[in-house]
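Following: one structure in structure tokens, then a few remarks.
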Amino acid sequence: MNIRPIEERDIEAVIALYRKVYGADFPFREFYEPAWVRKGIYDDGIAWSVAEDEGRVVGSGAVMVNVGDHDDLLGEFGRLVVDPDCRGRGVGEALSRARVEAVGKRIEFAFAEARAVHEGAQKIMLRLGFAPVGFEPMKYILRHRESVVFFARLFGNAVKLRKNNPQVIKAVHALGTQALEAMGLEPDLIVKAEVAPYPSDVEYEVVELQDAWSHRLLRIEQGRVAKPEVFGGMHLDYGFLKIKAANAVYLVAREHGAPVGAVGFTVDDIDRKCRIFELIEFDDAVKGFLLKRVTELAATHYGCDYIEVDVNAHSPRLQCTLDLMGYVPVAYCPAMVFHSVERLDVVKMANLVCAYEPGEFRLLDEVKPIFDIVNAAVLEKKKGVEVSGVMARIGLFEGLGAAAIERIGHICTEKRYRAGEVVFAEGSTGAEMYIVTKGSIEIRDETMPGEPVALVCAGEFFGEFALIDALPRSMSAACVEDATVLVIAKRDFDSLMAQHPELGTRVYRNIAETLVGRLRRTNVKLTDYKMKYEAR
């Protein structure tokens, strides 16, 4: 078998090979276009090899070294395909080793995505010295949505130039620690426990970029390069025409007619995927607004199921902002990008808009720890988004921002009851309040048999006075039908209030307003009862 650089005479054979393996489902459709393949053969930014056996092309693989900024020295290993009739003969590994030898001295950070259902691809990456540092759930569409394992390897001076002690939010810590250990690096992450997100409730006028505004935004960009927070390999200073050619979109935030910030992103219609690649801002106030707007547009206007962004691991505020918007850390990449005189770690964060249906995987044991971390985070985030959505509609939490509601969501536990089951009895000590998410609950006064005092349905709450005192329950609660509730324990709530007094003040105020409303309704009922009694 002969491993050699691709030549023009291989174009049709390589295209036929991709079609044989992937059919019409290959997400990188450019590999089916002869003109694009021909261009790739002569592109200095692509190292492309083929495996030839008895004059027949039986494998193909490429390394893209034109990804990211020029100073980043990145190499994306991918597009590996092997004729099914030749599998088990080491074709894929031979191609991959040839690619490492071809670009090893030209790059400092290499990465690859291996299908989660393909153990062979994962084995090849491990044998080449790559480490699993991430799991990207349901990122690509083949016959259905598929997940990929994100592998990385450092070359050259990457370790020496790496900036130590990244500052990350708690949600990033486990993933980052696992990734660093997998790459043989000492875990040195610093967790920032109390981080304020960038505000997202300030409103600006939003328009799509026009060339006439480019120079104004560039002035803003030049003033904020001291600490870039989003990376993506494309910048406004590439020029308006080049940006348009790459099908990139910039949304510009304007205040009093003048641009104060912009966010750049691309949309992949085939995979229904959005990638945020640049954030330009005049001040902190516009950052959260722009990220919120592009996240909403990607899902509603462009129909994207997967939204991704590469974040500076030394920017906990941006990590926190995205975390509250539903993004999950899916990969941690040590020393991935170069800035100034050092290499920075990158946190890959993704917002999975569609339902999470991971399906069946074939993961190697070396990959499972990183999968377990990301899988748990996605499940928790999906549940948290659902919980936050329920709580945001409840009057008890009126006036609280997304960050406060999410903090309360973290102390909630879910509990399920069968029809007829008692939630709590009259006279029992009350130490929890309940939020109904499914089913209905009857509130009864045992001293007054007959109709229930109240029927609490999905989206409503009861037992909230337990957050104020721990006195015996004045009434009982039982399920009319199978029900699911969120439980907030007083001890957890008190602990949260101690850390965030302003949150407690608002909730207690809402409880007081709820009590006043109930007293007024009770007074009306008593007045009606008195009038009916006196009229006899």
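The values are calculated or read from the model by the stated rules, or taken from the named source; none is laboratory data. These numbers were taken from a predicted model, which means no experiment stands behind them. Reconstructed Cβ throughout: ideal geometry from the backbone, glycine too, with neighbour counts over all protein chains shown. Quick note on the areas: whole protein, heavy atoms, side chains included, nothing else; ligands and nucleic acids left out. Shrake-Rupley method; radii C 1.70, N 1.55, O 1.52, S 1.80 Å.
Scan the stretch 440-483 for residues that are of a type in the set (Phe, Trp, Tyr) and either open to solvent by less than 60 Å² (accessible area, probe 1.4 Å) or more than 20 Å from residue 510 (Cα to Cα) (or both) and the total you get is 2. The residue that is surrounded by the fewest Cβ atoms within 10 Å (Cβ to Cβ), counting only those in the stretch 257-293 that are part of a loop (DSSP other than H, G, I, E, B) and without any contact (Cβ under 8 Å) to a residue 60 or more places away in the chain, is 257. Taking the criterion of being outside any strand (DSSP E or B) and either among the hydrophobic types (A, V, I, L, M, F, W, C) or open to solvent by 20 Å² or more (accessible area, probe 1.4 Å) (or both), the residues of the stretch 484-500 that qualify are 490, 491, 492, 493, 494, 495, 496, 497, 498, 499. If you go through the stretch 415-439 and keep only what is open to solvent by 80 Å² or more (accessible area, probe 1.4 Å) and touching a residue at least 60 places away in the same chain (Cβ under 8 Å), you end up with 415, 416, 418.
Evaluate the following for residue 50: is it crowded, with 17+ Cβ neighbours inside 10 Å and either within 36 Å of the chain's Cα centre (by Cα) or at pLDDT 90 or above (or both)? Yes: the conditions hold for residue 50. Note on the stretch 141-161: among residues that are buried (at least 20 other Cβ atoms within 10 Å of the Cβ) and not hydrophobic (A, V, I, L, M, F, W, C), the one that is farthest from the chain's Cα centre (by Cα) is 153. Among the residues of the stretch 182-196, the one identified as under 22 Å from the mean Cα position of the chain (by Cα) and acidic (Asp, Glu) is 194.
Screening 110, 114, 102 for residues that are touching a Lys or Arg at 6+ places or on another chain (Cβ under 8 Å) and either crowded, with 22+ Cβ neighbours inside 10 Å or not hydroxyl-bearing (Ser, Thr, Tyr) (or both) leaves exactly one candidate, 110. Return the total of residues in the stretch 117-136 being outside any helix (DSSP H, G or I), out of contact with any Phe, Trp or Tyr (no Cβ under 6 Å at 6 or more places or on another chain) and either open to solvent by 20 Å² or more (accessible area, probe 1.4 Å) or within 19 Å of residue 81 (Cα to Cα) (or both). Selection size over the stretch 117-136: 4.
Residues that are farther than 30 Å from residue 406 by Cβ, open to solvent by 20 Å² or more (accessible area, probe 1.4 Å) and free of Cβ contacts under 8 Å to residues at least 12 places away in the same chain occur in the stretch 175-191; there is at least one.
Residues in the stretch 362-383 that are open to solvent by 50 Å² or more (accessible area, probe 1.4 Å) and farther than 20 Å from residue 184 by Cα: 362, 376, 379, 380, 382, 383. Note on the stretch 344-374: residues that are assigned to a loop (DSSP other than H, G, I, E, B) and among the β-branched types (Val, Ile, Thr) amount to 2.
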